[in-house]
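Visitor: My questions all concern the structure below.
Please treat every number below as a calculation from the coordinates, not as lab data. Keep in mind that this is a model prediction, so the values were computed, not measured. Ideal geometry is used to build each Cβ from the backbone, glycine not excepted, and the neighbour counts take in all protein chains shown.
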């Protein structure tokens, strides 16, 4: 297939973006904690990246059309790498908040441009598989981030410089790519962002639920485990198994979506993600049930995002993808900002039950959206 080199190049840069998403937050948290900053300040710096994507979202479509997909990806990664390398020079919260915000602006551009590229070159019959591979690659990057920190350490400028070098290295396949397939076409006016919401509300709901539940899980599952009596290592293992399902199951889900339809597969995933959290508390003392449960739950949950991106390609013409994909990512980030706070409140109000009920309710909302869409 002539699209394979293009897709491989975009997968490579997506791996780099995922790597920084998994690498930068714990590095920032550990560095600022050693400097004596509060958890609130550290959380604010970490959240700046998602806030940046939401703030800059309205400007991404015009930038993508003016610069083109390839230039946006290259420029975004180079800017993000430069910012990461500069961070050790000014280790304090105000400066790092600004740098994290600017890095989020750059990586958001890469994120959206990459998904537009993949949607524009993948055919209808293979779009689910392509997005499944994308989900796997991106998740591998996130998982690789903390692993890289094990080798670089978290002190001094070394981890920042190595992280920046690793990010730049993911541009190599794109730099070697001669013939480009996939390009953003005519610009869709800014008002089409709200039009995209009206045109595909179920797709946007998938983005919101994915962002909310993923962020709440990754942030609060270890805390939930320790509150339930697990030791710290076992609590962290909850997230590891959850992410393993995320990584491994995306391609099989994508293949099934191409064969049986994306809406049907999303409905199946929504059912699994509704039931999964409700079984979590009862499974904590039974590893034979707990680990498979987390594995399947992690894989089916991330399908909301990966197959939601695939549905974007079905729901919108190529010339409308910049605006539609931008709104999709903005809604996902909004869910990501809300998730940890909502989950924390639920845990405080209903210890032991609040978080699972919130996560189950969000997935059930997705199931309801799919049911309404089918009747419409």
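Visitor: Would you mind computing, in nm to one decimal, how far apart the modelled labels at residue 227 and residue 281 are, each placed 7 Å from Cα along Cα→Cβ?
Guide: Placing both labels 7 Å beyond Cα along the Cβ direction yields 1.0 nm.
Visitor: Contour minus end-to-end for residue 176 and residue 144, with contour as 0.36 nm per residue of separation and end-to-end as the Cα-Cα distance? Kindly include the intermediate steps, with their values, before the conclusion.
Guide: Details: separation 32, 0.36 × 32 = 11.52 nm, distance 2.43 nm.
So the extension gain works out to 9.1 nm.
Visitor: Sorted by mean Cβ packing within 10 Å, highest first, what order do the peptides 265-271, 315-321 take?
Guide: Values: 265-271: 21.6, 315-321: 18.0.
So the peptides 265-271, 315-321, ranked by packing, come out 265-271, 315-321.
Visitor: Related question: What is the order of 353, 34, 127, fewest Cβ neighbours within 10 Å to most? Don't skip to the end; give the middle numbers.
Guide: Working: 353 14, 34 11, 127 24.
Placing the least packed residue first, the sequence is 34, 353, 127.
Visitor: Find the percent of Cα-Cα distances in the range 192-375 that exceed 28 Å, and round it to a whole number. Don't jump to the answer; show the numbers that get you there.
Guide: Details: 3813 of 16836 pairs.
Cα-Cα pairs in the range 192-375 separated by more than 28 Å: 23 percent.
Visitor: Testing the spin-label approximation: label points 7 Å from Cα along Cα→Cβ at residue 264 and residue 240. State their distance in nm.
Guide: 3.8
Visitor: Also, quick follow-up: Pulled fully out, how much extra length does the chain show between residue 350 and residue 30, if you take 0.36 nm times their separation in residues and subtract their Cα-Cα distance? The partial results should precede the final answer.
Guide: Working: separation 320, 0.36 × 320 = 115.20 nm, distance 2.98 nm.
Fully extending the segment from residue 350 to residue 30 adds 112.2 nm.
Visitor: Let's test the formula: R0 of 22 Å, r as the Cβ-Cβ distance of residue 125 and residue 199. What FRET efficiency results, to the nearest 0.05?
Guide: On the way: r = 23 Å, r/R0 = 1.04.
Taking R0 as 22 Å, the efficiency between residue 125 and residue 199 is 0.45.
Visitor: Which residue, 345, 64, 112, tops the fluctuation ranking in a GNM of the chain built on C-alpha contacts under 10 Å?
Guide: 345
Visitor: Taking 22 Å as R0, compute the FRET efficiency from the Cβ-Cβ separation of residue 62 and residue 315 and round it to 0.05.
Guide: 0.55
Visitor: Taking the chain as a Gaussian network, where each spring joins two C-alpha atoms under 10 Å apart, which residue of 223, 50, 167 fluctuates the most?
Guide: Per the Cα network of the chain with a 10 Å cutoff, 223 tops the list.
Visitor: Mean residue ellipticity at 222 nm from the helices of the chain, using -39,500 (n - 2.57) per DSSP H segment of n ≥ 4 over the full residue count, to the nearest 500 deg cm²/dmol?
Guide: Numbers: 15 runs with 313 residues, N = 376.
Computed mean residue ellipticity for the chain: -29000 deg cm²/dmol.
Visitor: Express the C-alpha Rg of the range 4-176 as a ratio against the empirical globular expectation 2.2 N^0.38 Å, rounded to two decimals.
Guide: Working: Rg = 16.0 Å, N = 173, 2.2 N^0.38 = 15.6 Å.
Dividing the Cα Rg of the range 4-176 by 2.2 N^0.38 Å gives 1.03.
Visitor: Given a Förster distance of 25 Å, report the FRET efficiency between residue 169 and residue 4 from their Cβ-Cβ distance, rounded to the nearest 0.05. Show your work: numbers first, answer last.
Guide: Details: r = 21 Å, r/R0 = 0.82.
Efficiency computed from Cβ-Cβ geometry: 0.75.
Visitor: May I ask for the percentage of alpha-carbon pairs in the chain that lie more than 27 Å from each other?
Guide: Numbers: 32210 of 70500 pairs.
Tail fraction, whole percent: 46.
Visitor: Please find, in a Gaussian network model of the chain (springs between Cα atoms separated by less than 10 Å), the residue of 55, 17, 309 whose mean-square fluctuation is greatest.
Guide: Of 55, 17, 309, the most mobile in the Gaussian network model is 55.
Visitor: I need the P(r) histogram for the range 1-96: all alpha carbon pairs, bin width 5 Å from 0 out to the longest distance, whole percents.
Guide: Percent of pairs per bin, in order: 2, 11, 18, 21, 19, 13, 9, 5, 2, 1, 0.
Visitor: Another one. Give the order of 169, 306, 38, 114 when sorted by the count of other beta carbons within 10 angstrom, beginning with the fewest. Please report the intermediate quantities before stating the final value.
Guide: On the way: 169 14, 306 28, 38 11, 114 24.
With the sparsest Cβ surroundings first, the list reads 38, 169, 114, 306.
Visitor: Full-extension gain between residue 161 and residue 248, please, as 0.36 nm times their residue separation minus the C-alpha to C-alpha distance.
Guide: On the way: separation 87, 0.36 × 87 = 31.32 nm, distance 3.00 nm.
Here the segment from residue 161 to residue 248 would lengthen by 28.3 nm.
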